[in-house]
Amino acid sequence: MPVPSSLLIDRTATPIGELIVVADTDGALRAIDWTEHEDRLHRLLRLHHQGGYELRPSADPGGLTRAMDAYFAGELAVIDRLPVRTGGTPFQRAVWAALRGIPCGGTISYRELAALAGRPAAVRAAGHANGANPISIVVPCHRVIGSGGALTGYGGGVDRKRWLLAHEGVPSPVPGEGRGPPRSGGKGEG
């Protein structure tokens, strides 16, 4: 019988709600979610830890809680340096790696995300992989927008997505213009 993964959990207050931070004992980030979505966090952890998992409270595991506090205090680049570790299919991991390549202050469409993940025709699958991302903010799924610039769904809610993008310097779309936040070309820009 597989041994359950031993994970560390902490919580921190942010300007947009309480954040849950889950790390492994090596200090790699395994999951981030909002307190009111804790059920979803546990669903994703069960998917990524087939042998089960146990959560132990820990103050600032691996310095990750302090890093998230720094991000919310304006040190935006701190999330680029955080170690992450996930399960997932090879395609999901490719999508999540592509998400980490979106520079702070930039956005891309789901079509661009699929192309960056190596499967340009798999737009819908890229969207599903984006939605299954267990490490929001650090694996910045909030930086993916609709092809028309719309702030499409975000697991933490569109208001949080709007706040995160504004926090990172992406201007809100102007009502009536039909344009969204400015885009980047993805990796290497910014």
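Worth a mention:
- Residues (in contact (Cβ under 8 Å) with a residue 12 or more places away in the chain and out of contact with any helix residue (DSSP H, G or I) (no Cβ under 8 Å at 6 or more places or on another chain)) located in segment 56-67: Arg56, Pro57, Ser58, Pro61, Gly62, Gly63, Leu64, Thr65
- Of the residues making up segment 37-69, those that are at pLDDT 95 or above, over 15 Å from Val139 (Cβ atoms) and within 16 Å of the chain's Cα centre (by Cα) number 2.
- Condition check for Ile20: hydrophobic (A, V, I, L, M, F, W, C), buried (at least 16 other Cβ atoms within 10 Å of the Cβ) and without any contact (Cβ under 8 Å) to a residue 24 or more places away in the chain: yes
The values are calculated or read from the model by the stated rules, or taken from the named source; none is laboratory data. As the structure is a prediction and not an experimental result, all values here were calculated from the model. Reconstructed Cβ throughout: ideal geometry from the backbone, glycine too, with neighbour counts over all protein chains shown.
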